[in-house]
Amino acid sequence: MKAVLLNQITPAEQVALTEVKIPKVQPGWVLVKVKAFGMNHSEQILRLSEIAADYIQKPIIPGIECVGEVADASDSGLAVGQKVIAMMGGMGRSFHGGYAEYALLPVSHVFAVKSGLSWERLAAVPETYFTAWGSLFECLQLKPDDTLLIRGATCALGYAAIQIAKALGCKVIATTHRESKLPLLADADEAVLDDGTLSGKVHGVTKALDLVGPKYLRDTLRAVEKGGIVCNTGILGGVFALNGFDPIKEIPNGVYLTGFFSNYPTQETVDDIMAFLNKHRLEPMIGASYGFDHIRDACIALDGGKVNGKIVVTV
């Protein structure tokens, strides 16, 4: 089969397809014929730096998610030909991931889906919508009467969060740090240019999804109303930790801070997401789509950061 195989730090321009053996099925694992996969910032980090870490099994096929059909169900209880999505749990780091024609995956992270979406559209769902869903409902406890601030909204996760929140009935304030991208936030009730200070400029915010991360998190905490909840899910700002953070002084009284870690999807949550998409007739947004033979171009697009929305590769 064809796959992307990484041994060392690999700029996008050097990404190529390699012929490797189709994995042999083992108990507790499912062989999936990959139909498409979405691309993620974490795969860029893997290629450009993390691949050098000792804990990464090398050579490794990257890709933290994929969609496809069961080719060999092993002892999983799934059926051959069943439509599935898979994500996280070590995909593309601890074991081979989705940048391949076939993927051998632990049954715990392979989920049956019923959907009329095309493979291309379905590939935009797994990691992006699971992370948005968990952030909004598990962490922010989002309700229809909330005013939701999405900081760093011009990314695949931001667009998914806008879509879900608006379908629920929330008022949405979305931000971007680039004035040229304000028109991309037309589905939000209010689009705001983010200069690093939102506190005092946005009003009535009861819930905040911070995708920029530690770079501006202190300001996000000050931008919500008393009783509000802030969920830090992204690190688009390129700052990975709050050095010197004093929670007593820097979390305002009556404001709550949480975060969402997307490594533990469940079938129940996947079912809830698909039911919500079907009920509200929502189609995941795609920023760009590539065929597998053009994976190099897809990686260049990912690294360039100029695609507005999810990059999808069809296999």
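A short reminder: the numbers here are calculations on the coordinates, not readings from a lab. As the structure is a computational prediction, the values presented were derived from the model and not from experiment. Here Cβ is always computed from backbone atoms with ideal geometry, including for glycine, and neighbour counts include all displayed protein chains.
Data for the structure
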{"item": "Förster radius 30 Å - calculated FRET efficiency between residue 52 and residue 283, Cβ distance, rounded to 0.05", "result": "0.20"}
{"item": "Dipole magnitude of segment 60-152 about its Cα centre (Cβ charges: Lys, Arg +1; Asp, Glu -1), debye to nearest 20", "result": "140 debye"}
{"item": "Sorted peptide list for 170-179, 118-127, criterion being average Cβ within 10 angstrom, highest first", "result": "118-127, 170-179"}
{"item": "Dipole of the chain, positive direction: furthest Cα of 213, 172, 100, with charges on the beta-carbon", "result": "172"}
{"item": "Highest-fluctuation residue, 11, 247, 144 considered, GNM on the chain with Cα pairs under 10 Å", "result": "247"}
{"item": "Placed amide H near residue 259: partners under 5 Å, 5+ positions off or other chain", "result": "232"}
{"item": "Space enclosed by the convex hull of the alpha-carbon atoms of segment 213-310, per residue, Å³", "result": "177 Å³"}
{"item": "Length added when fully stretched, residue 118-residue 306, from 0.36 nm per residue minus Cα-Cα", "result": "65.2 nm"}
{"item": "Unit charges at the beta carbon, dipole of the chain: most positive-side option, 243, 157, 80", "result": "157"}
{"item": "Number of Lys pairs (Cα under 28 Å; 8 or more positions apart or on different chains) in segment 130-259", "result": "29"}
{"item": "Karplus-derived 3J(HN,Hα), 6.51/-1.76/1.60, for each residue of segment 20-30, Hz, glycine and proline x", "result": "9, 6, 5, x, 8, 6, 9, x, x, 10, 10"}
{"item": "Ratio of Rg to Rh over the chain (Cα coordinates, Kirkwood Rh, two decimals)", "result": "0.98"}
{"item": "Segment 26-86 shape via C-alpha gyration tensor axes, a/c threshold 1.5", "result": "oblate"}
{"item": "Segment 115-210 - Kirkwood radius from inverse mean 1/r over Cα pairs (Å)", "result": "13.7 Å"}
{"item": "Cysteines having no other Cys beta carbon under 4.7 Å from their own, within the chain", "result": "66, 155, 170, 299"}
{"item": "Loop-located GluC sites (Glu not before Pro) in segment 215-315 whose Cβ has at most 13 other Cβ within 10 Å (DSSP)", "result": "none"}
{"item": "FRET efficiency estimate (nearest 0.05) - Cβ-Cβ, residue 297 to residue 253, R0 41 angstrom", "result": "0.20"}
{"item": "FRET efficiency estimate (nearest 0.05) - Cβ-Cβ, residue 138 to residue 24, R0 51 angstrom", "result": "0.90"}
{"item": "About the Cα centre, charge dipole magnitude for the chain (Lys/Arg +1, Asp/Glu -1 at Cβ), debye", "result": "120 debye"}
{"item": "In degrees, nearest ten, helix 156-168 long axis to first principal axis of the chain (Cα)", "result": "60 degrees"}
{"item": "Cα-Cα separations in segment 74-128 greater than 14 Å, expressed as whole percent", "result": "56 percent"}
{"item": "Subset of 83/306; 83/279; 2/58 violating a 24 Å alpha-carbon distance limit", "result": "83/306"}
{"item": "Per-residue [θ]222 nm for the chain (sum of -39500 (n - 2.57) over DSSP H runs n ≥ 4, rounded to 500)", "result": "-6000 deg cm²/dmol"}
{"item": "Ascending count of other beta-carbon atoms within 10 Å, so fewest first, for 61, 9", "result": "9, 61"}
